[in-house]
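The values are calculated or read from the model by the stated rules, or taken from the named source; none is laboratory data. Given the structure is predicted, the values throughout are model-derived calculations rather than measurements. Cβ placement follows ideal geometry from the backbone for every residue including glycine, while neighbour counts extend to all protein chains displayed.
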């Protein structure tokens with residue numbers, strides 16, 4: 001797969017994930033159905049979801065820079081390191097999702113994080 005396609009898919013992916021987290025914040029999706037059921041209070045949910053949204057924005061910014069859609073703000077070397085870190089974190093998250101108690105999180109979460117890991121790996125490879 002080529003980097004431009006991987007970037008476009010990741011932009012859609014991070015956009016959808018951000019909308020999902022906004023739905024959790026709005027109470028449309030119950031917070032006990034996410035984060036492997038670890039969230040016990042609304043206050044915990046606000047913290048987890050705020051951090052998640054900030055990370056999604058940061059990941060989106062990195063992908064947008066890698067795709068050339070926004071002006072470079074990270075040095076190229078740092079950009080590739082960050083993408084490899086994302087790839088690694090999504091890989092670890094995929095393993096964690098395999099053991100999630102919620103079946104939807106186990107299936108959708110595993111598929112989503114595996115897709116994100118592979119696509120971040122594609123973007124992390126330097127062009128030849």
Looking at segment 31-66 only, could you name the residues that are outside any helix (DSSP H, G or I) and either surrounded by 18 or more Cβ atoms within 10 Å (Cβ to Cβ) or in contact (Cβ under 8 Å) with a residue 12 or more places away in the chain (or both)?
34, 39
The correct count of residues that are outside any loop (DSSP other than H, G, I, E, B), touching a helix residue (DSSP H, G or I) at 6+ places or on another chain (Cβ under 9 Å) and surrounded by fewer than 15 Cβ atoms within 10 Å (Cβ to Cβ) in segment 97-122 is 5
Anything in segment 23-44 that is modelled with pLDDT of 90 or more, in contact with a helix residue (DSSP H, G or I) (Cβ under 8 Å, 6 or more places away or on another chain) and closer than 23 Å to residue 94 by Cβ? List them, or say none.
24
Given the criteria farther than 18 Å from residue 9 by Cα, out of contact with any strand residue (DSSP E or B) (no Cβ under 7 Å at 6 or more places or on another chain) and at pLDDT 90 or above, does residue 83 qualify?
no
Residue 70 versus (1) loosely packed, with under 15 Cβ neighbours inside 10 Å; (2) in contact with a helix residue (DSSP H, G or I) (Cβ under 8 Å, 6 or more places away or on another chain); (3) assigned to a helix (DSSP H, G or I): which is the lone unmet condition?
(3)
